[in-house]
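S.K.: So that we are looking at the same thing, I have put the structure below in structure tokens.
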Amino acid sequence: MPRKFRIILSIVYLALFMSFTYADEATPLAEDPAVERRLISISEEMRCLVCQNESLSGSRSELAQDLRREIRDLIKQGKTDAEIRTFMVDRYGDFVLYRPPVKPITWLLWIGPFVLMIAGIVALLMYLRRRNTQVAKTTLSDDENKRIDALLRDDK
């Protein structure tokens, strides 16, 4: 390969890979650190409605970003943490909270796992008891016992 061609090829590779190194301008994390601390403490207790297994503060979904922006605006308006939680629950329901309040609508959320666990244990015990009764209890004759003993002695 001629030297000129290698130099041109190197320049093309360098230009190609340098284009991937450009980054967007970083957005400032917080205008006011106190607002951001409150935002994080409130959003840690709320569930992302898209991800459902992530907190609102940890989610990267667009809806989570919008909800964090909404919470930030409410904080700047001087709302208390309780007022912000009430606003979010009124708008999105108890599902938005990681620890929903205990009330008739949420009883299934609080009691359901325990009911399922107890039902599973009862079903397992019933299965084991039924299986034990189905196994026939037989005793071996003297000839069978002697044969087993002989087989065990020969095995050693």
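The values are calculated or read from the model by the stated rules, or taken from the named source; none is laboratory data. On a predicted model such as this, the values are computed, not experimentally measured, just so you know. Every residue, glycine as well, gets a Cβ built from its backbone with ideal geometry; the counts of neighbours run over all protein chains shown.
S.K.: Which one of Asp149, Asp73 is more than 30 Å from Asp32 (Cα to Cα) and either assigned to a loop (DSSP other than H, G, I, E, B) or more than 20 Å from the chain's Cα centre (by Cα) (or both)?
M.R.: So the residue among Asp149, Asp73 that is more than 30 Å from Asp32 (Cα to Cα) and either assigned to a loop (DSSP other than H, G, I, E, B) or more than 20 Å from the chain's Cα centre (by Cα) (or both) is Asp149.
S.K.: Report yes if Arg99 is of a type outside the set (Phe, Trp, Tyr) and out of contact with any Asp or Glu (no Cβ under 8 Å at 6 or more places or on another chain), otherwise no.
M.R.: Judged against the criteria, Arg99 is not a match.
S.K.: Across the range 97-156, which residue is nearest to Gln52 (Cα to Cα) among those that are surrounded by 10 or more Cβ atoms within 10 Å (Cβ to Cβ) and of a type in the set (S, T, N, Q)?
M.R.: Of everything passing the filter in the range 97-156, Thr106 is nearest to Gln52 (Cα to Cα).
S.K.: Let me ask another. Using the structure shown, decide if Asp73 is within 30 Å of Asp94 (Cα to Cα), at pLDDT 90 or above and surrounded by 10 or more Cβ atoms within 10 Å (Cβ to Cβ).
M.R.: So Asp73 passes the test.
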